[in-house]
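Contents: one structure, followed by commentary.
All of the numbers you see were taken from the coordinates with simple rules; none came from a lab. Computed from a prediction, not measured in an experiment: that's the story for all the values here. With ideal geometry, Cβ positions are generated from the backbone for all residues, glycine too; neighbour counts draw on all protein chains shown.
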Amino acid sequence: MGKRGIVIAIDGPAGSGKSTTARCVAGRLGYLYLDTGAMYRALGWSMIRRGLSPDDESAAAATAAALAFDFCPEASGQRVLIDGEDVTGEIRSADVSDAASRVAVHAAVRKILVARQQELGFEGGIVLEGRDTGTAVFPEAELKIFLVADVVERARRRHRELLDSGIAAEMDELTGQIRERDKRDTATQRRSGSWPASDAITVDTTGLDVDAQVARVVELARECGVET
């Protein structure tokens, strides 16, 4: 049996437009959609709930190995269930975002979650988004996209997402959190290898609306032979 299609890996820093773009591209192409970052968020949420420090690598790895992840597609994206509990809204809070960034620096955690992500995308026909999707998760992906945007715009987008979810947040605080996450990601990059992938196509989303971002990625998919 042949593959369902190509693997499209969309990477980039927090707030660059990965989630919305990847979800919409998957819908346009009839592909599966996987938010890999949701796994790290779910793990961060689980660590907080259990009273464990996200900086404790052993505890984070043990928790990651024990979690049962389920992703349920829906019109607006996907529902995220952990051990049968719907945590879709809860994993989008600022505290969970910070915890997710902290557990993601652990090599043992990344090894466990990357293996699960690879299982989900083994047959192709999938759009994955998150950090290191084009390097650690699917280095052989047929299409790798690296989205970028300036920090202020990324903070504005995150602010809108939280407000839409009914979560209050301050712009200054969000901007500071994004800058801090960028620093941690850079440190992780130095330890784990190139980020972005050397063959990734960079798309600057500053000033672009969602439709323009999606159109650009779909155009690149067509150039890889995907029929739309």
Query raised in the report: Shape call for the chain from the C-alpha gyration tensor, a ≥ b ≥ c root eigenvalues: rounded (a/c under 1.5), prolate (a/b greater than b/c) or oblate?
Result: rounded
Query raised in the report: Each residue of segment 84-98 in order: what ³J(HN,Hα) in whole Hz does its phi give by Karplus 6.51 cos²θ - 1.76 cosθ + 1.60, θ = phi - 60°, with x for Gly and Pro?
Result: x, 9, 6, 10, 3, x, 5, 7, 9, 6, 4, 5, 5, 4, 5
Report summary line: the chain, Gaussian network, Cα under 10 Å: of 207, 44, 17, the residue fluctuating most is 207
Query raised in the report: Among 217, 203, 80, which one moves the most in a GNM of the chain with springs linking Cα atoms closer than 10 Å?
Result: 203
Requested in this report: Hey, for a label at residue 163 modelled as a point 7 Å past Cα toward Cβ, could you say which residues of segment 1-27 have their backbone N under 20 Å away?
Outcome: 15-21
Query raised in the report: Rounded, prolate or oblate: which fits segment 50-167, taking a ≥ b ≥ c as square roots of the Cα gyration tensor eigenvalues, rounded meaning a/c under 1.5, else prolate when a/b beats b/c?
Result: rounded
Query raised in the report: What stretch of the chain, leaving out the sites themselves, is the longest with no trypsin sites (Lys or Arg not before Pro) in a DSSP loop having at most 16 other Cβ atoms within 10 Å?
Result: 51-228
Report task. With unit charges on the beta carbon (Lys/Arg positive, Asp/Glu negative), name the residue among 64, 145, 80 whose Cα is farthest towards the positive pole of the charge dipole of segment 1-149. Result -> 145
**Report entry** Relative contact order for the chain, counting Cα pairs under 8 Å that sit 6 or more residues apart, in percent
**Finding:** 34 percent
Query raised in the report: For residue 94 and residue 53 in the same chain, what is the full-extension length gain: residue separation times 0.36 nm, less their Cα-Cα distance, in nm?
Result: 13.2 nm
Query raised in the report: Which whole-number percent is the relative contact order of segment 1-117 (Cα, under 8 Å, 6+ apart)?
Result: 27 percent
